[in-house]
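Notes follow once the structure below has been shown.
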Amino acid sequence: MDALSHALIAAIILIALGQPAFIPFAVIGAVIPDADIIFSLISDRSPRLYLFTHGGIAHSIAGAVALSVLAFLVIALIRITGTMPDWVFAGYGIAAFLIVLSAALLHLFIDFLACPGIPLLAPFSDRKFTSGLLPGPSVLVMAASAGTLVLIVAGHVPIIAALALYAAIVVLYVACRAGSFLYVRAMVPGRRVPTINPFRWLVITEDDAAFTVRYYTVFYGFSGGDVIEKFRNTNAREVEPYLDLAKVRRLAFYSWIMTAEKDNATLVFHDPLREKGYVWYPHKFQQVVISEDSL
């Protein structure tokens, strides 16, 4: 989910709890995990740093704690130097730090609801965790967030009314998604990937040789279909030694599924779902080519 949506949700929760003085701290905590967008400017150049990317280590429990501490140290420095009015951080103290940390962890929980998931246990594991409930990113939530900000800035409606409308839209949206999710989970075996349409899901099943990819729409059933071979001109045993290469691990981290093919002395790993346009996020690193020099 986008940073604006995270900030709005955190602010709404504090207003509902009757603690508006802590909103600046909540907003900071809610957006700091997305600071990893900046990390990507460096990490994209080195496969070994693949966890230092958007949706990477900053979206882990350890990363959220570290960033919360860092953010609070910056707030303390701002207060010491007097570069901002005292009222901005009026609730400064241990409670304020807990708000920053809680908002950062709330960010993780919201992103856990969405695909393709986040590495909650990094740096100890790069495995991604997700409930599979929401698409990532959620275009409809982003649009609602942007619309709410426009209403607030333009002053067309009171801030509280705009936030209440936004909260109602998000709750209704998630409830609709949850109902569809539970129905499809009960009716359809396999891995289920949400699409922009709350009632349409990409369903992935597999056996030892291939992945089968189909769409499932609530009330209409399956449509389309694509059988994607896991290996071409190679096999699992031949591919296995290369799975620990940094650039292959990075591809696996970014990918929904991964296949391999060999062309003469060149081995190519693919994420066919992104290459074929079934999903578009994340858009980077859709394949890895290992030249004959490495084989």
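The values are calculated or read from the model by the stated rules, or taken from the named source; none is laboratory data. Not measured: the values here are computed from a predicted model. Glycine also receives a Cβ, built like all others from the backbone with ideal geometry; neighbour counts cover every protein chain displayed.
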Practice problem: Need at least 3 residues that are of a type outside the set (A, V, I, L, M), in contact with a Lys or Arg (Cβ under 9 Å, 6 or more places away or on another chain) and closer than 19 Å to Thr195 by Cα per element, so show me which strands (runs of 3 or more DSSP E) inside segment 215-295 make the cut, counting only ones lying wholly within it. | Solution: 221-229
Quiz item: Any idea how many residues of segment 254-295 are under 22 Å from Leu202 (Cβ atoms) and either in contact with a Gly (Cβ under 8 Å, 6 or more places away or on another chain) or not hydrophobic (A, V, I, L, M, F, W, C) (or both)?
Solution: 17
Quiz item: How many of the residues in segment 220-231 are over 27 Å from the mean Cα position of the chain (by Cα) and surrounded by 14 or more Cβ atoms within 10 Å (Cβ to Cβ)?
Solution: 1
Quiz item: Is it the case that segment 68-76 has a residue that's more than 14 Å from the chain's Cα centre (by Cα) and assigned to a loop (DSSP other than H, G, I, E, B)?
Solution: no
Practice problem: Filter segment 190-203 for residues that are without any contact (Cβ under 8 Å) to a residue 60 or more places away in the chain and touching a Lys or Arg at 6+ places or on another chain (Cβ under 9 Å) and give the result. | Solution: Gly190, Pro198, Trp201, Val203
Practice problem: Go through (1) farther than 25 Å from Phe22 by Cα; (2) modelled with pLDDT of 90 or more; (3) of a type in the set (Phe, Trp, Tyr); (4) in a helix (DSSP H, G or I) and name the single condition Phe124 misses. | Solution: (4)
Exercise. Search segment 103-116 for residues being of a type outside the set (A, V, I, L, M, F, W, C) and modelled with pLDDT of 95 or more, and hand back the single one that is farthest from Tyr281 (Cα to Cα).
Key: His107
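Report yes if Thr130 is of a type in the set (Ser, Thr, Tyr) and more than 21 Å from Leu108 (Cβ to Cβ), otherwise no.
Taking the combined requirement at face value, the residue does not satisfy it.
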Quiz prompt | Residue ID - surrounded by the fewest Cβ atoms within 10 Å (Cβ to Cβ), chosen from residues in segment 17-60 that are assigned to a loop (DSSP other than H, G, I, E, B), within 18 Å of the chain's Cα centre (by Cα) and of a type outside the set (Gly, Ala, Ser) | solution = Asp44
Quiz item: Are any of the residues in segment 104-115 of a type in the set (Gly, Ala, Ser), in a helix (DSSP H, G or I) and touching a helix residue (DSSP H, G or I) at 6+ places or on another chain (Cβ under 8 Å)?
Solution: yes
Exercise. Go through segment 162-189 and count every residue that is free of Cβ contacts under 8 Å to residues at least 40 places away in the same chain, surrounded by 14 or more Cβ atoms within 10 Å (Cβ to Cβ) and farther than 14 Å from Ile15 by Cβ.
Key: 6
Quiz prompt | Residue among Ala164, Ala146 that is farther than 22 Å from Val193 by Cβ, under 19 Å from the mean Cα position of the chain (by Cα) and not assigned by TED's automatic domain parsing to the domain that holds Gln19 | solution = Ala146
Quiz item: Given the conditions (1) within 30 Å of Met258 (Cα to Cα); (2) out of contact with any strand residue (DSSP E or B) (no Cβ under 8 Å at 6 or more places or on another chain), and given that Phe181 satisfies all but one, which numbered condition is not satisfied?
Solution: (2)
Exercise. Working only within segment 132-162, note down all residues that are polar (S, T, N, Q) and out of contact with any helix residue (DSSP H, G or I) (no Cβ under 6 Å at 6 or more places or on another chain).
Key: Ser138
